[in-house]
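The block underneath contains the structure these notes are about, expressed in structure tokens.
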Amino acid sequence: MVVLDALNYIKANLDGTLTYRWSCRMGVCGSCGANVDGVPKLTCASFLHEFKGRTINVEPLPHFPVIKDLVINMDDFMHKLVEIKPWIIRDKESPPEEGEYRQSAEELERYGQFSSCINCMLCYSACPVYGLNEKFLGPAATALAYRYIEDSRDQGKDVRFPIVHEIEGVWECTLVGECSVVCPKGVDPMLAIQKTKILGATNALKSLVMPRGGGK
Amino acid sequence: MIREWTSFFVAVFSLIYIYELSLFASGAKDSALTLMRNPGIIAFNVLALLFTLYHASTWFYLIGKVQPIKLGKTTSKPWQALLLNIVLLLIISYAVIQILILR
Amino acid sequence: MPKVARLHAILWGVFSMGGFIAAFLLPVLIYLVGIAYPLGLWPVANGDPTSDILNHRHIGTLFLFVTVAGSLYHGIFRFQSTLTELGLARAKRALEAIGYLIIIIGILATAIYLLQYNPSFFSLP
């Protein structure tokens, strides 16, 4: 039994007004994020036996405005997801008759981990920098941007680099690492942010050394 | 947070040592050596060394995570990078002592 | 890349190099000048470590400059990034300016003092 079952029990038997988000109840939809005993977790993945003998405190995810009970306003997060343009950008789309854009297993491995994000926002709740500065692009959005930057089919570096490499992009990150600790899908956004920083630094260096030919 | 506080010790030690270099440059070598023998400074240096080694370990582990090396079919793991770089650190430290002190 | 972010990217790159310097070169320097010699531990050779190092006019001077400058830069840069978490977000701009000033003065001072000690650094051996 999980915390989500407890919430459902409360709503069904004790307080019908209790309001919270949930859907798949198996850790793939990302809807049921909450602060469980001070730690951002999916309520469907928080087993009650871990809290045996204690009273569990369930609070709305921190760093987001609360709409009601455990339901938080995720507009800022949604805005950031769209901002990094989470789709394949091509210089020129090839017609369907030419077939698929082919990709090897090795090419898939370069970004596969970062495509596992279920948009649960636990990482934003765990990030102290986001808590102090709402303008920070944040873990999930950067990891998603990196997923597309590393996708061999994508040609949108020119579009995405300026977004992730602005001051409130990756540079605000101080490598706390809590985002990767709380991520339920092993995306490791901290790693994505670090790799994006390295890309940014080498890109900046290239554009200094080769202003016409190098990075953009 | 501890990892970030390593930066404080690294910066302050550098500043103390820059001051010591100024004493060497102006010929006041003895004042410099007296300063370094001050028990408070020695205690600070021990802490600085511990924090710097902590910084080094976390740094090596992170580098191992961010830049794994592919050898054929296997990819390196962060703890391997940590171990390898610690060995490298010991070799470099020994080389510094051999070349710059004992010769 | 917008101009300000590009500068920050480069500054971060230098910070990253400073991280390697602080990791590989700083421990032995702290040990030598701060612990081994004051306490009489190995490798006590003749006089003091700084003089011993600087007697190797070129590589000694270079070692000290790279280690001190790199570590100072790395330490202050990293400390600056924690200002927000320390609750000093409002004073961040001012504190960052002070930080960069310390870095510039520190690195210049290091170079000047080392050259004062070894004025013939730039002449061939």
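Phi angles of region A:58-70 translate, via the Karplus equation with coefficients 6.51, -1.76, 1.60 and θ = phi - 60°, into HN-Hα couplings of 10, 10, x, 4, x, 6, 10, x, 8, 8, 6, 6, 9 Hz per residue; Gly and Pro are given as x.
Give me the orientation-averaged projected area of the Cα convex hull of region A:65-108, in nm², one decimal. Before the final figure, lay out the partial values.
Details: hull surface 23.6 nm².
Result: a mean projected hull area of 5.9 nm².
Note on region A:3-72: with charges restricted to the Cβ of Lys and Arg (+1) and Asp and Glu (-1), its dipole about the Cα centre is near 100 debye.
Per residue, the convex hull around the alpha carbon atoms of region A:1-84 comes to 104 Å³. Taking 4.7 Å between C-beta atoms as the pairing limit, chain A has these partnerless cysteines: A:Cys32, A:Cys44, A:Cys117, A:Cys120, A:Cys127, A:Cys173, A:Cys183.
Just list whichever of A:Lys41/B:Lys65; A:Lys92/B:Lys70; A:Lys206/B:Lys70; A:Lys185/B:Lys73; A:Lys11/A:Lys80 have alpha carbons separated by over 27 Å in the model shown. The partial results should precede the final answer.
Numbers: A:Lys41/B:Lys65 24 Å; A:Lys92/B:Lys70 33 Å; A:Lys206/B:Lys70 25 Å; A:Lys185/B:Lys73 25 Å; A:Lys11/A:Lys80 32 Å.
Going by Cα-Cα distance, A:Lys92/B:Lys70; A:Lys11/A:Lys80 fall outside the 27 Å limit.
Over the protein assembly as shown, DSSP H runs of length four or greater, each weighted -39,500 (n - 2.57), average out per residue to a 222 nm ellipticity of -17500 deg cm²/dmol.
The orientation-averaged shadow of the Cα convex hull for chain B, equal to a quarter of the hull surface, comes to 8.8 nm². Ordering C:Lys92, A:Lys41, C:Lys3 from the fewest to the most neighbouring beta carbons within 10 Å gives C:Lys3, C:Lys92, A:Lys41. Here the Gaussian network model covers chain A, with springs between Cα atoms less than 10 Å apart; of A:His165, A:His49, A:His79, A:His49 fluctuates the most. Three principal axis extents describe the C-alpha atoms of the protein assembly as shown; from largest down they are 81, 63, 46 Å.
If the viscosity is 0.890 mPa s and the temperature 25 °C, what translational diffusion coefficient in µm²/s does Stokes-Einstein give for region A:75-209 when Rh comes from Kirkwood over Cα pairs? Can you show the working numbers first?
On the way: Rh = 15.4 Å.
Translational diffusion coefficient: 159 µm²/s.
Exposure proxy for C:Ser16, B:Ser7: other Cβ atoms within 10 Å of each Cβ, ordered fewest to most, give C:Ser16, B:Ser7. Based on the reciprocal of the average 1/r between different C-alpha atoms, the Kirkwood radius for region C:3-122 equals 16.0 Å.
The long axis of helix B:78-96 is offset from the longest Cα principal axis of chain B by roughly 40 degrees. Couplings 3J(HN,Hα) of region A:154-165, computed from phi: 8, 10, x, 4, 4, 7, 7, 3, x, 6, 6, 9 Hz, in residue order, whole Hz [Karplus 6.51 cos²θ - 1.76 cosθ + 1.60, θ = phi - 60°; x for Gly and Pro]. Sequence-ordered 3J(HN,Hα) estimates for region C:7-19 from the Karplus curve with 6.51, -1.76 and 1.60 and θ = phi - 60° stand at 4, 4, 4, 5, 4, 5, x, 5, 4, 4, 5, x, x Hz, glycine and proline given as x. This ranking places C:Glu96, A:Glu97, A:Glu106, B:Glu20 by how few other beta-carbon atoms lie within 10 Å of each, fewest first, which gives A:Glu97, A:Glu106, C:Glu96, B:Glu20.
A short reminder: the numbers here are calculations on the coordinates, not readings from a lab. Just so we're clear, the structure is a prediction, and the values are computed from it rather than from any experiment. Cβ atoms come from the backbone with ideal geometry, glycine included; neighbour counts cover every protein chain shown.
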